[in-house]
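Please read the structure below before turning to the comments.
The values are calculated or read from the model by the stated rules, or taken from the named source; none is laboratory data. Note that the structure is a prediction, hence the values are computed from the model and not measured. Virtual Cβ from ideal backbone geometry, glycine too; neighbours counted across all protein chains shown.
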Amino acid sequence: MLSLKISIVFTSLIVLIGSVYVSNAYSQVSDSSGIIVGREGSVFGLVDIDSDGHSLNIAGVANYIPPTDKVFEVWLYDGNYRASGYPLSVGMIKADGSFSMESTQVYPYTYTDLFVTMEPKDDKDPKPSYSNQVGIYVLPAPFGQ
């Protein structure tokens, strides 16, 4: 009877340890903060990005305000060699200079960059105005995969 109990405890420990290793292999937690670099190397703003491989939380602040007929819009970009080149809008920077996004995604680590564009205030075009890019933050690993 004692050997059966020992076998059950030992087997339970093996399963527990194995599941910890497997879950750690699949979860790459990323927490990065950095400077959004503006034109001529200026500090456009700051950003904090957290992800566990599925949830994606972005919060930041800009040091500038746009002209009255314009807004700043924040984007994620999938720009790897084999990437889609797809820009995903994080949203408009608010009047207080802040921006944020909370999202659940299949694989957020595909994104390589966070960038900011200046757009017309009532822009009907869903694409970014690349020629009016005003800031960029290159996402560190594990992003860009």
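Of all the residues that make up the range 102-145, how many are among the aromatic types (Phe, Trp, Tyr) and more than 10 Å from the chain's Cα centre (by Cα)?
The qualifying residues number 4.
State all residues of the range 89-112 that are more than 10 Å from Leu56 (Cβ to Cβ) and not hydroxyl-bearing (Ser, Thr, Tyr); if no residue qualifies, say none.
If the condition is that a residue be more than 10 Å from Leu56 (Cβ to Cβ) and not hydroxyl-bearing (Ser, Thr, Tyr), then Gly91, Met92, Ile93, Lys94, Ala95, Asp96, Gly97, Phe99, Val106 are the ones that fit.
Could you please find all residues in the range 88-145 being on the phi > 0 side of the Ramachandran plot and at pLDDT below 95?
Once the filter is applied, which keeps residues that are on the phi > 0 side of the Ramachandran plot and at pLDDT below 95, the range 88-145 yields only Gly144.
Of the residues Ser33, Ser12, which is at pLDDT below 95 and either crowded, with 16+ Cβ neighbours inside 10 Å or of a type outside the set (Val, Ile, Thr) (or both)?
Result: Ser12 is the single residue among Ser33, Ser12 that is at pLDDT below 95 and either crowded, with 16+ Cβ neighbours inside 10 Å or of a type outside the set (Val, Ile, Thr) (or both).
Taking the range 89-139 on its own, how many of its residues are out of contact with any Phe, Trp or Tyr (no Cβ under 9 Å at 6 or more places or on another chain), under 22 Å from Val43 (Cα atoms) and surrounded by 12 or more Cβ atoms within 10 Å (Cβ to Cβ)?
The total comes to 7.
Among residues belonging to the range 38-71 that are surrounded by 18 or more Cβ atoms within 10 Å (Cβ to Cβ), hydrophobic (A, V, I, L, M, F, W, C) and touching a Gly at 6+ places or on another chain (Cβ under 8 Å), point out the one that is farthest from Asp123 (Cα to Cα).
Only one residue fits best here, namely Val47.
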